[in-house]
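Below you'll find the structure, written out as structure tokens, and then a few comments.
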Amino acid sequence: MKTEQQAAPATTTFQSIKEVEANLRTRMDKALSDLQHEMASIRTGRASLGLLDHIRVDYYGTPTPLNQLANLHVPEPSLITIQPWDVSQIGPIEKAIRSSDLGLNPANDGKLIRLPIPPLTQERRKDMVKRLHNVAEHHRVSVRNIRRDANEAAKKLLKDKKITEDEDKRAHDEVQKLTDSYMEKIDLAAKGKEKEILEIK
């Protein structure tokens, strides 16, 4: 899978190092928020509405995000409740949850769907951690690609004589510093999530 950061090389023409750095920060921020969004959908032993972010329900032939069809609540740490605005959607909602990769078993009383979040087995925890590592690595690759684009943009400014060699060197140093700081943020976020997954309640 390609993220927007990888798919869009720096085709923009930059006039200054400031513009290159601003673009780099924006794209790295986006990579970080994508990571956080994707991590929210990885299951831990605790109920969290983020788990359902990627669930799409077949709403009259249109794949629709679950939160656009129902009220979602976490009344207790191991339960999510889903109250469809249109009760005829209970079947399709249950089907979407069952066919997802969450491994959860919804039950309904005709009006409300209860989604118990059972404790994760050791095996399932390992699978989740593996998935988390893949997601984090994918975003590290994005950040490295953004770094490459920024360095190339700086080189082009030098080639076009818009900056001096000293400025080019400073720009490369700054790009590396920013890259290191975003890599650290990714590592910290992934470590925090891994701790959550492995935590036994």
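Here are the numbers:
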quantity: Residue, farthest from residue 142 (Cα to Cα), within the range 15-64, restricted to residues that are of a type in the set (Gly, Ala, Ser) and in contact with a strand residue (DSSP E or B) (Cβ under 9 Å, 6 or more places away or on another chain); calculated: 47
quantity: Residue 186 in contact with a helix residue (DSSP H, G or I) (Cβ under 7 Å, 6 or more places away or on another chain), under 30 Å from residue 83 (Cβ atoms) and surrounded by 13 or more Cβ atoms within 10 Å (Cβ to Cβ); calculated: no
quantity: Helices (runs of 4 or more DSSP H) enclosed by the range 1-117 - at least 2 residues per element that are modelled with pLDDT of 90 or more and touching a helix residue (DSSP H, G or I) at 6+ places or on another chain (Cβ under 8 Å); calculated: 17-40, 90-98
quantity: Evaluation of residue 193 against (1) under 25 Å from the mean Cα position of the chain (by Cα); (2) over 30 Å from residue 50 (Cα atoms); (3) modelled with pLDDT under 95; (4) among the basic types (Lys, Arg) (one fails), failing number; calculated: (2)
quantity: Residue within the range 163-178 that is touching a Lys or Arg at 6+ places or on another chain (Cβ under 7 Å), crowded, with 20+ Cβ neighbours inside 10 Å and closer than 19 Å to residue 38 by Cβ present; calculated: no
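Yes/no per residue for (1) out of contact with any Phe, Trp or Tyr (no Cβ under 8 Å at 6 or more places or on another chain); (2) of a type in the set (Val, Ile, Thr); (3) in the same structural domain as residue 18 (by TED's automatic domain parsing):
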| residue | (1), (2), (3) |
| --- | --- |
| 132 | yes, no, yes |
| 138 | yes, no, yes |
| 147 | yes, no, yes |
| 153 | no, no, yes |
| 164 | yes, yes, yes |
| 168 | yes, no, yes |
| 173 | yes, no, yes |
| 187 | yes, no, yes |
| 193 | yes, no, yes |
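The values are calculated or read from the model by the stated rules, or taken from the named source; none is laboratory data. All values reported here derive from a predicted model rather than from experimental measurement. Cβ atoms come from the backbone with ideal geometry, glycine included; neighbour counts cover every protein chain shown.
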